[in-house]
């Protein structure tokens, strides 16, 4: 996945390129090197105390009436208040009453690095406001669509058998930056860096050790909720550090979506480790969602069989796709493809056959799995796949499911 660049905002430069402002023949007097500042909103007004009415990030439109007749000290105070409020830019429309901006205004804006723009032609401020606000709304909609695409891909990873490490790798590729998962106590659980970063790419663990306590500007930190309010309200934290590329609002939105998925995964793991659900539940849900046998060829109908959707004639060969039974939405619900250890129908599967053809080794197999799995995860609690789930090579078998190899990391970074 290609990392997304710093987007999700309308900059001052972009606003000046829009037709409504371009018709005013804009001239940038100061702050030309800061036209990449994001515009949060557009406001128009003439009050001398305008700064008190703003929150920061606005592009302020004015005809300069608040500057007329004022002394240089008052003009400097007016501009200083706007700069300290951290507005995106000040745009002043010149006219018969204000043919040129006072030197005190220009000098003060320059000293604060505030983008100051004068319009040489009259423009309707309502048209400027409408145009920029339309851009902002469209941009936000685009961000939501892109974040939804990341959420969809993370969901596919989980449905494909991946876990927390695979989701973090995908998100690191998307953000173009290292991603970290901390426990509620601050302990680092997992780390992942973007793939394809080259020989000079920073090692995620070195990045974490060097920058975790620095409060790096532009970082994205998202809480992963626990099951209950109170002390367990936060189960973990997802952190993205902007060491290779700047982060944008898009990355924050996508991180919040990913946190919701991670909460489900971590909740299931926590329920198992706390004893709320058993390891047998884990084994049964695994057998339901990904049983060891895919197909059984061939059986033959001893008599005409009415399935309710058609008749299988006597003597007709039958291919039994028993793995499909575990994903039947009529039996297991519309989310049958999702792994859920709390699923009420987790024991309703055909992994051990049925009836007269029920596997005689069923009890032994369940006993082995429910002893081996907790022992393995107690010994290696951070056990994770060493390769993305989508890169695992399935068995070349029509009968069995599984993979040719299952490389794991006992202590992942």
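Classify the stretch 24-122 from the C-alpha gyration tensor, please: rounded if a/c falls under 1.5, else prolate or oblate depending on whether a/b exceeds b/c. In terms of gyration-tensor shape, rounded. Taking the number of Cβ atoms within 10 Å of each Cβ as an exposure proxy, the fewest-first ranking of 296, 10 is 296, 10. Counting neighbouring Cβ atoms within 10 Å and putting the fewest first, the residues 122, 93 line up as 122, 93. Based on Cα contacts under 8 Å between residues 6+ apart, the stretch 24-122 shows a relative contact order of 40 percent. One Cα centroid belongs to the stretch 297-327, the other to the stretch 358-413; the line between them spans 31 Å.
Between residue 404 and residue 122, the simple label model (points 7 Å from Cα in the Cβ direction) yields a spacing of 7.6 nm. Here Cα Rg over 2.2 N^0.38 Å was computed from the coordinates, and among (1) 1.30; (2) 1.24; (3) 1.41 the match is (3). For the listed peptides 17-23, 54-60, a ranking on the average number of other beta carbons within 10 Å per residue, highest first, reads 54-60, 17-23. Please work out the FRET efficiency for the pair residue 312 and residue 342, using the Cβ-Cβ distance as r and a Förster radius of 30 Å; give the result to the nearest 0.05. Using R0 = 30 Å, I get an efficiency of 0.25. Considering the zone a paramagnetic label at residue 187 would reach in this model (a point 7 Å from Cα along the Cα-to-Cβ line), which residues of the stretch 360-380 have amide N under 16 Å from it? From the stretch 360-380, the list is 377-380. Note on residue 302 and residue 324: their simple-model spin labels are 2.4 nm apart, each label 7 Å out from Cα toward Cβ. Counting only DSSP beta bridges whose two residues both lie in the chain, roughly 70 percent are antiparallel. If the label point is 7 Å along Cα→Cβ of residue 354, which residues in the stretch 323-338 have backbone nitrogen under 16 Å from it? Under cut-off, by backbone N: 323-333. This ranking places 12, 221, 179 by how few other beta-carbon atoms lie within 10 Å of each, fewest first, which gives 221, 12, 179. Ranked by the mean number of other Cβ atoms within 10 Å per residue, highest first, peptides 245-252, 351-358 order as 245-252, 351-358. FRET efficiency for the pair residue 111 and residue 71, taken as 1/(1 + (r/R0)^6) with r the Cβ-Cβ distance and R0 = 22 Å, rounds to 0.80. Each residue, residue 290 and residue 34, gets one label point 7 Å from its Cα in the Cβ direction; the gap between the two is 5.3 nm. Angle of helix 249-274 to the longest C-alpha principal axis of the chain, folded into 0 to 90 degrees and rounded to 10: 30°. Legend: calculated FRET efficiency, residue 103 to residue 133, from the Cβ-Cβ distance at R0 = 51 Å, rounded to 0.05, equals 0.95. In terms of its C-alpha gyration tensor, the stretch 344-412 has an oblate overall shape, because the principal axis ratio a/c (a ≥ b ≥ c, square roots of the eigenvalues) is not below 1.5 and a/b does not outweigh b/c. One decimal place: the segment residue 25-residue 363 gains 113.5 nm when fully extended, by the rule 0.36 nm per residue minus the C-alpha distance.
Computed from the coordinates by the stated procedures, all read-outs in this text should not be read as laboratory data. Every value quoted in this text rests on a predicted model; they were computed, and no experiment measured them. Note: ideal-geometry Cβ built from the backbone for every residue, glycine included; neighbour counts use all protein chains shown.
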